[in-house]
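The structure appears below as structure tokens.
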Amino acid sequence: MSRVKGKNTTPELRVRRAAYAFGLRFRLHRTDLPGTPDIIFPSRHLVVFVHGCYWHRHPRCPKATAPSSPFWAKKFAGTSGATGGR
């Protein structure tokens, strides 16, 4: 778990670059908001949470691996839309 990045992940950087290219300005990782959103658009009263492959368990994705403990198997199985890895 310590190797799973929480900030500045590849999907997050892609979303940030796209938003900036469209002329949207934003703030990052505000801890005073519920859930600590990844990207905040203050002028639009909008927040974005970017969750990567580790949590969404994309099929055939090499980053969708899971620890082998029963705790994580149960946690991922309880996530809606979980595919259980590959």
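Just a few scattered comments:
- Breaking point among (1) among the hydrophobic types (A, V, I, L, M, F, W, C); (2) assigned to a helix (DSSP H, G or I); (3) surrounded by 10 or more Cβ atoms within 10 Å (Cβ to Cβ), for residue 71: (3)
- Among the residues making up region 38-86, those that are at pLDDT 80 or above and of a type in the set (Lys, Arg) are 44, 74.
- Region 14-51: number of residues that are surrounded by 12 or more Cβ atoms within 10 Å (Cβ to Cβ), of a type in the set (A, V, I, L, M, F, W, C) and in a helix (DSSP H, G or I): 2
The values are calculated or read from the model by the stated rules, or taken from the named source; none is laboratory data. Keep in mind it's a predicted model, so treat the numbers as computed, not measured. All Cβ positions, even for glycine, are placed from backbone atoms using ideal geometry, and neighbour counts span all protein chains on display.
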